[in-house]
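FYI, it's all coordinate maths here, none of it is from the lab. It should be emphasised that the depicted structure is a prediction, and the values quoted were computed from it without experimental measurement. Here the Cβ is made from the backbone with ideal geometry for all residues, glycine too, and neighbour counts use every protein chain on show.
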Amino acid sequence: MVNDPTLNLLVAKTSDLFGNAIEKNVREPLRYLINWGRLYSLWPVHLETACCSIEFGAASGPRHDLERFGMLEAFGSLRQCDVLVVQGTVTRKMAPRMKWVYEQMPEPKWVIAMGACAISGGLYVDSYNVLQGVDKIVPVDVYIPGCPPRPETLIQGIIELQNKIRKSKV
Amino acid sequence: MIETFEEFVKRILALLFWFILLSPLIIFPILFLLVPIFGIDVTTVNEILTASIDPIKALKLVEELGLGPSSTFFKVVAFPGFTFAALVATITILYERKLIAKTQLRVGPLYAGRFEGFLQPIADLFKLLGKELIVPEKADKAFFWAAPILSLALGASLLAVIPLSPTIYIARSDFSLLIPFAIIGFSPLVVLIAAWASSNKFAFIGGLRALHQLAAYEIPMLISILGVVVLTGSFDLMEIVEAQKNMWFIIPQFLGAIIFYITILSELERVPFDLPEAETEIVSGWLTEYTGMHFGLLQLGVYIKFYVLALLFTLLFLGGWNGPAFLPPVVWLLTKLFFVISLIIFPRAVLPRLRLDQLIRIGWAWLIALSFINLFIAVIESSLGVI
Amino acid sequence: MPKKTKIETALIESLKKKFNTTIKEEYVKPNRIKFSTTSDNFRNLAQAVKELGFDQVISQGGTDYPDNNEFRVEYHIICVSIKKFRSIIFSLMTTIPKDKPEIETLIDIWPSAEFHEQETFENFGITFINHPRMEKLLLPEDWDDIPPLRKDFHLPGRG
Amino acid sequence: MPNSVMNVVDQGGDRLVLHVGPQHPGSGHFRIIVTVDGDYIVDAKPDPGYVHRGAEKMAEYRDYIQNIPHLERPVIIDASGVTLPYVLAAEKIIGVEPPVRAEYIRMIMAELNRIISHLYWLAIYGIFLGHSTMFMWPMGDRELFIDLAESIGGTRVTFSYIVPGGVRNDIPINFKERALKTFDYFEKRIKEYEKIFFNNPLMAARTEGIGVLKKDDAIRLGITGSNLRASGVDSDTRKDEPYCMYKKVDFDIPTRQEGDSYARCVVRLRELQQSMNIIKQVFDLIEPGPVKQVLGGVMRGEPGEAFVRTEAARGTMFYHIVSDGDKIPYRVKISVPSFRNLIGMSHLLIGSRLADMPAIYWSLDYWPVEADR
């Protein structure tokens, strides 16, 4: 055993240096690369819960064109999807199905709560059949207010989600 | 924290700089230890040092290792083999998305990679690499894993005998036209394995549709290329291309080219024959249960098949690498190839999907009859000495 | 009050001739005719209206009157095939006691009433006898509260 | 479970039970449980209710003005079409008459909404048949009409514009010029739609003779709107029982005799042209004046009832409002066209092929949110 404090310090410093170098030069670029891939390739699940779906449709139309951000419109199977856009009110009948859809999606996955109804129940807050906020059953990353949100607002929300992914750990 | 693309590029450049600076200190001593083990004919250490800054010498060294551009390994792995095919497949994916978007008055991918979203397929690839792989509980696990690998293997093995120019090819065979079609014959099997192993109803229906479709369209596909064989009297792609020096076969074999084009669309499950993946009917068809890189491999396999079939169309009907001499043959080939790829992509923008019974009726009733007529035309032309 | 037109008068007269006093004319306005009858006689009235040519149920619903302890069941019938009747909406109404909320279904007379009756069943708990699908349609499968459109069902937080 | 729809399970054998929805690219907010034998559908059970928000119950807790926003949400594509009959019924109960100019503006709004709704339908029908360009083009052109409606109503889709006593505000000054410009452009586009979609032989092969709804069946099952007109019945509430100022304008009711999916498509395409035609005539008829009758205090209805129907984008929209003299309605019964057309779906699906399901389903223009309310 070496008990010399100077030597110990040297070993510690060197390992710190190497650790930092690896952190800075290997893991960070790698993390950036993976996150970069994820944020430009958000495929939404086709789960329409209520009336906000028409503004989602309008956002994938030519004027707003979500594909600019790498979102593929109307992608088929939820097994290949990354983001669950809750398009409006979630009713008591839809809620278990939506949770099921969320559980079947592969990790990593994100949830966008689109519209006032998905955030808190919105206009239908006192209805007997409406879930007051989708965050009671699935974790939500980005809330997009509006009733319904304009496509521009939806795009803003997607950019917020991209910013969130960009800063997230891998 | 790296947060922007520029920072990332800067960091990578800095890393490269330090690597080049430090490599003589760390890597070369190791190299000197390793050289005797490989038994390379290097007389002096100095040669390695010069090679590290002189590309011509480096190339020679690599060739001595058996990895040079003329070596089999390089041909299979890089050019004109797998890497090149995968690159073309990636470009095809991007090209398809941009072309379709422009037809639909949109811009398509725009922000991934600063310029016109040209890094979009790479982003998709990185995304798929980092995704969780889900194997359904009730799936047949062995086959579920096997299908993506089989799909890619099938695509890759198609590349073996197809030449890109008189000098660029992996292997030469007298039957280089038949071999790809023999391999393509396995693709229904791969689809069926993928569909059956998923143990999903939609996948199963998709698999059965694919089986019907591929079986119905393989026969007219084979018969339609027989016309070319009759005209040249050879199954060798090299000779077929050489025979088109004066006239491309699309002129005497116009009907055959059209039948071959239609069967390509069907074989690749493109619109209007994309029934096995018809989203609004059966979710994603036989791809329904595949996640992450499984899905990526299946798609890559399909797109490599896309490349091969477009290449075959170019070689058989568009004169392959023949063209005015001011450009190298392989450039001519690639130009024609991308024209054919556009042709295959474009129906997606203007046609709806067919129904299974209509598709099978077209296949069995029309295309087979037409392909036989085409064969007769070829026989007559050959007896008249058109070519 | 605007005048009744000829068509409506003719319709009312023909119905009145058939049923005498068993049916009650609630009101007749331009394009709107409303009759009520007892729940036993309701089917006969419906049959007669159908024979006049009124062939589509545009709406079917109930209303809860807790003070009288009864439900009103109302069918709104329009005519599509005969051009001169197209402007008229026929409203047939009956009341059934809340203790025994049962009435015979009319889907053999008007098949278009099928989903409407199903909806009235789940919203009020009114059973339509002989209806093939007396089950939940819009409400969640696990709904175990009282039917929501009854007046004694209160929205959460709205007392 | 009490609901027998949930109990449909695979019995083994040749038949396969497919649950299409609620998460399915071809279903929307709705589930249909189909049993297939080979490629043919032998049984189809619709399972709506995924967007049932209890609008009828909520309407019993809000006064006549407050009801408008939540009643238009279910038919968000056709927001004016769904609020117009409600407002007409509420006006009968409250006892107000809107100014003439407001009636014309209501017509403009209703017809604009019909165009917006039909274009959305056309877009989804394109993608349902696998024709992605036909999704994008109508979606893009729809934005132009949304711009027009937005300049009147203030929002993109949920206007809450038609209120008891008139409309909220007057139309902008240069609206006529802008609208005519858009119509000129769109009439050219309709020709392009015909070229790429309606006259496309593959599209015809997919829809002609598919989902044939005979005239007798259509009447018997209570089918309404464009679906009824495609089966050869020229019934349109705007002609049968004219409301607003529809008796002053001259327009055709497009009908087809075939009753198949293709006929339903073509009828809707012709209706687009008729709607533009109506708006153009309204521009000539409309005269300056007030657009709203100012009502003081809370609106109270007379005890009584009113039932009103209008022709919304999908068919006849029917409201039955019962009032007991309070400021809130006693009962609001909404009968929406989608709900009435739902019965036709299983009728048409049984016996057809699985691949024809999207072609039949969306040709009925069934909007699940509207049906569930």
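Per-structure values
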quantity	calculated
Rotationally averaged projected area of segment C:1-51 (alpha carbon convex hull; nm²)	3.5
Karplus-derived HN-Hα couplings along segment D:92-99 (A = 6.51, B = -1.76, C = 1.60, θ = phi - 60°), whole Hz, x at Gly and Pro	5, 6, 6, x, 10, 10, x, x
Helical contribution to [θ] at 222 nm, DSSP H n ≥ 4, -39,500 (n - 2.57), averaged over the protein assembly as shown, rounded to 500	-15500 deg cm²/dmol
Magnitude of the charge dipole, chain D, Cβ model with Lys/Arg +1 and Asp/Glu -1, debye to 20	340
With eigenvalues of the C-alpha gyration tensor scaled by 5 and rooted, segment B:315-375, Å	32, 18, 6
Selection of trypsin sites (Lys or Arg not before Pro), segment D:187-282, meeting DSSP coil and at most 13 other Cβ within 10 Å	D:Lys214
Rg(Cα) / (2.2 N^0.38 Å) computed for segment B:237-287, rounded to two decimals	1.69
Chain A: mean projected area of Cα convex hull, nm²	13.6
Beta bridges per DSSP with both ends in the protein assembly as shown, % antiparallel, nearest 5	75
Peptide C:50-60 - average C-beta neighbours from other chains (10 Å radius)	4
In Hz, Karplus ³J(HN,Hα) per residue of segment C:113-122 (6.51, -1.76, 1.60; θ = phi - 60°; x = Gly, Pro)	7, 4, 6, 4, 5, 4, 5, 5, 4, 6
Ratio of the Cα radius of gyration of the protein assembly as shown to 2.2 N^0.38 Å, where N counts its residues	1.09
Separation of alpha-carbon centers, segment C:96-159 and segment D:56-89, rounded to whole Å	22
Top of A:Val111, A:Val101, A:Val11 by mean-square fluctuation, Gaussian network on chain A, Cα under 10 Å	A:Val11
Segment A:16-61: projected area of the alpha-carbon convex hull, averaged over directions, in nm²	4.8
Karplus (6.51, -1.76, 1.60) ³J(HN,Hα), θ = phi - 60°, over segment C:38-54, in Hz, Gly and Pro reported as x	6, 5, 5, 7, 4, 5, 5, 4, 4, 4, 5, 5, 4, 5, 5, x, 7
Sites B:Phe346 and A:Asn25 - FRET efficiency at Förster radius 60 Å, r taken between beta-carbons, to 0.05	0.85
Unsatisfied cross-links (Cα-Cα over 26 Å) in the set A:Lys24/A:Lys164; C:Lys34/C:Lys83; D:Lys57/D:Lys292; C:Lys17/C:Lys84	D:Lys57/D:Lys292
Degrees, to the nearest 10: D:261-285 long Cα axis against longest axis of chain D	10
In nm, spacing of pseudo-spin labels at A:Trp100 and A:Val170 (7 Å Cα→C-beta vector)	3.5
Evaluated over chain D, the Cα radius of gyration and Dmax, each in Å	21.0, 71
Exposure proxy order (Cβ contacts within 10 Å, fewest to most) of D:Glu192, C:Glu122	D:Glu192, C:Glu122
Kirkwood estimate for segment D:98-231, i.e. one over the average of 1/r between Cα atoms, Å	17.0
Sequence of C:Ile78, B:Ile380, B:Ile56 once ranked by neighbouring C-beta atoms within 10 Å, starting from the fewest	B:Ile56, B:Ile380, C:Ile78
Between 0 and 90°, nearest 10: helix B:55-64 axis offset from chain B longest Cα axis	70
Trypsin sites (Lys or Arg not before Pro) within segment B:155-258, DSSP loop, no more than 14 other Cβ atoms inside 10 Å	B:Arg172, B:Lys245
For B:Arg353, residues with placed amide H under 5 Å, excluding near neighbours	D:Gly130, D:His131
Relative contact order (percent, whole number), chain D, Cα cutoff 8 Å, 6+ residue spacing	25
Dipole magnitude of segment D:212-301, debye to nearest 20 (Cβ charges: Lys/Arg +1, Asp/Glu -1, about Cα centre)	240
C-alpha long axis of helix C:6-19 to longest principal axis of chain C, angle in °	70
DSSP beta bridge pairing in segment A:42-167, given as percent antiparallel to the nearest 5	10
Neighbour-count ranking [beta-carbon atoms within 10 angstrom, fewest first] of D:His24, C:His116, D:His347	D:His347, D:His24, C:His116
